Amino acid sequence: MNYVGIDLHKEQSWFYVMSENGQKIDSRSISNSIEKLKEYFETIPKPFTMAVESTYNWYFLIDMAEKYAEKVYLANPYELKAFAKRNKKTDKIDARLIADVLRKGYLPSVSIPDKETRSIKEILKYRMGLVQDRSRNIYRVKSILDKLGENSYGDFTTYKRLKEISVTHLPVFYQEAISGYIERIECLNKRLFATGKFIREEVLKDEDIKNLITMPGLDYFSAALIKSEIFDINRFKSFNQLCSYAGLAPRVYQSANKLIHGSLNVNRRKNLQWILIEVVYHFIRAIPGKTKKYELIAKRKCPNTGKVALARDMLKIIYHILKEKREFYPDKSENYSIRNATIPAFARV
C-alpha cells in the first residue's frame, strides 16, 4: 500500500507519495486544474490511500480522489498542528507530514459528509450570510440616524418601519447614503423570504428534520442546521461524544488531587454550538421543569452557565430523536406546553 499526502491550496496542491516502508516515490506541485489532477492520479502507483487537510475548498478533490484511491481521509487541521511543530514549514514538508502520519496510523481525521449534506450546508450558510448582510446595513442606517439626532428605534427589518424613515429634510449626501442602505435592506428581505421558502420546502422532505421540528424551539432552519452539522448520528457511540463535538463539554484539568473544570472546548462545531445556544431559551420556556432547572443554575452560578447546561439537555433529546428515529415527546414528570414553544425570530421566513 502506498500513501499520499496533499497540501491543498487555491491554485496549486503539493503531492507527496510515500511507500509502505516510508520511502519517497514522488513529490511535486500540481495545478488544481481538473484535467491535470486526473492525469496525475492515474500515474500514482496503486493501491494507495490518500489524505488531505480540511481546507475551505476540499470538496472537488475528495470527490475526484475517491475514484482512484482505496480510501480517502480528511485530516483535522486543528489536531494535525501537534505533529507539525518545527522550525521549517513548506508545502512539501506539510504534504510529507500528512503522508507519514497516515502511513503510521496516527492521522487525526474528520468524517466526510455526503454530497447532499454538503449542499444543504451551503444553502444554510448562504441564508445566514444574507441575515448578516442585512444586519450590517441596518446598523449603518441606525448609526447615521443617531449621528443626526433622528429616530432610530424600531424593527428595521420590516417594510413598514423602513417607509417611516424620512430623508427629504436631510442634506443630499445623507439622503443618498440612507436611501441606498434602505434599498439594500429591502432587497435582502426579498431574498431572505425566497431562500427561506426554498429551504423549508426542500429540508422538510427529510424524516429526521420532520422529527426534530416537533421539539420546542426548533423550526425548519434550526433543525436543518443541526442535522447537517451532525449528518450521521451513528458516528457517535454515546451522547458524551456528541456533546464534546458540539462544544458543550467543559475542559477538564486533572492532576493528582486537583480537578478543575474550565471553559468550553474551542475545538468544536461552531455553527452547531451557536444554534443550540440561540434556541435554548425557547426550549426552556416551553417546559416548566427545564425553566425551574435553569433558574436554579442561574441563581447558583450565572445565566450563561444555565444556558449551556440546558443546551446540553436539549442536545441529549436531539441525540435520542435521531438515534431512535422518532418525534419529540416530553417527560411525563414535566408539564410541557405547546403554547410556549415559540419559533425563534431569526428563523422565521
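Quick one: which residue in Leu107, Leu130, Leu188 is closer than 30 Å to Ala51 by Cβ, within 28 Å of the chain's Cα centre (by Cα) and of a type outside the set (Gly, Ala, Ser)? Just one listed residue meets the conditions, Leu107.
One residue alone among Ser54, Ser13, Ser27 is small (Gly, Ala, Ser), surrounded by 15 or more Cβ atoms within 10 Å (Cβ to Cβ), without any contact (Cβ under 8 Å) to a residue 60 or more places away in the chain and closer than 18 Å to Thr90 by Cβ, and that residue is Ser13.
Do we find a residue being farther than 23 Å from Asp114 by Cα and in contact with a strand residue (DSSP E or B) (Cβ under 9 Å, 6 or more places away or on another chain) anywhere in the stretch 53-74? There is no residue in the stretch 53-74 that is farther than 23 Å from Asp114 by Cα and in contact with a strand residue (DSSP E or B) (Cβ under 9 Å, 6 or more places away or on another chain). Total residues in the stretch 131-142 satisfying the condition of being surrounded by 19 or more Cβ atoms within 10 Å (Cβ to Cβ) and charged (D, E, K, R): the figure is 1.
Suppose the filter is open to solvent by 50 Å² or more (accessible area, probe 1.4 Å) and either under 15 Å from Met314 (Cα atoms) or among the small types (Gly, Ala, Ser) (or both); does Ser238 pass it? Give the derivation first.
Values: open to solvent by 50 Å² or more (accessible area, probe 1.4 Å): no; either under 15 Å from Met314 (Cα atoms) or among the small types (Gly, Ala, Ser) (or both): yes.
Spelling it out, it is not the case that Ser238 is open to solvent by 50 Å² or more (accessible area, probe 1.4 Å) and either under 15 Å from Met314 (Cα atoms) or among the small types (Gly, Ala, Ser) (or both).
One residue is enough: does the stretch 39-51 have a residue meeting the conditions touching a Lys or Arg at 6+ places or on another chain (Cβ under 9 Å), hydrophobic (A, V, I, L, M, F, W, C) and not in a strand (DSSP E or B)? Yes, that holds for at least one residue. Within the stretch 57-81, the residues that satisfy the criterion of being free of Cβ contacts under 8 Å to residues at least 60 places away in the same chain and in a loop (DSSP other than H, G, I, E, B) are Asn57, Trp58, Glu66, Lys67, Tyr68, Asn76. With respect to the conditions (1) open to solvent by 70 Å² or more (accessible area, probe 1.4 Å); (2) touching a Phe, Trp or Tyr at 6+ places or on another chain (Cβ under 8 Å); (3) assigned to a helix (DSSP H, G or I), Phe198 falls short on a single one, namely (2). Mind checking whether some residue in the stretch 331-348 is in contact with a helix residue (DSSP H, G or I) (Cβ under 6 Å, 6 or more places away or on another chain), open to solvent by less than 70 Å² (accessible area, probe 1.4 Å), assigned to a helix (DSSP H, G or I) and modelled with pLDDT of 75 or more? No; the residues of the stretch 331-348 include none that is in contact with a helix residue (DSSP H, G or I) (Cβ under 6 Å, 6 or more places away or on another chain), open to solvent by less than 70 Å² (accessible area, probe 1.4 Å), assigned to a helix (DSSP H, G or I) and modelled with pLDDT of 75 or more. Could you tell me whether any residue of the stretch 207-223 is acidic (Asp, Glu), farther than 14 Å from Val141 by Cβ, open to solvent by less than 50 Å² (accessible area, probe 1.4 Å) and modelled with pLDDT of 95 or more? Among the residues of the stretch 207-223, at least one is acidic (Asp, Glu), farther than 14 Å from Val141 by Cβ, open to solvent by less than 50 Å² (accessible area, probe 1.4 Å) and modelled with pLDDT of 95 or more, which makes the answer yes. Close contacts from the stretch 270-292, counting a first residue that is free of Cβ contacts under 8 Å to residues at least 24 places away in the same chain and a second that is part of a helix (DSSP H, G or I), with Cβ to Cβ under 8 Å and a gap of 6+ residues or different chains, come to Thr291/Ile284; Thr291/Arg285.
In the set (1) within 20 Å of Ser228 (Cβ to Cβ); (2) surrounded by fewer than 14 Cβ atoms within 10 Å (Cβ to Cβ), the condition left unmet by Lys301 is number (1). Consider the stretch 89-115 and keep the residues that are out of contact with any strand residue (DSSP E or B) (no Cβ under 6 Å at 6 or more places or on another chain) and farther than 22 Å from Ser27 by Cβ. The one that is most open to solvent (accessible area, probe 1.4 Å) is Lys115. Candidates are the residues of the stretch 143-176 that are under 39 Å from the mean Cα position of the chain (by Cα) and aromatic (Phe, Trp, Tyr); the one that is most open to solvent (accessible area, probe 1.4 Å) is Tyr153.
The values are calculated or read from the model by the stated rules, or taken from the named source; none is laboratory data. From a predicted model like this one, the values you see are computed outputs, not experimental measurements. Cβ: placed from backbone, ideal geometry, glycine included. Neighbour counts: every protein chain shown. To get the accessible areas, we keep the full protein, side chains included, count just its heavy atoms, and leave off ligands, DNA and RNA. Shrake-Rupley method; radii C 1.70, N 1.55, O 1.52, S 1.80 Å.
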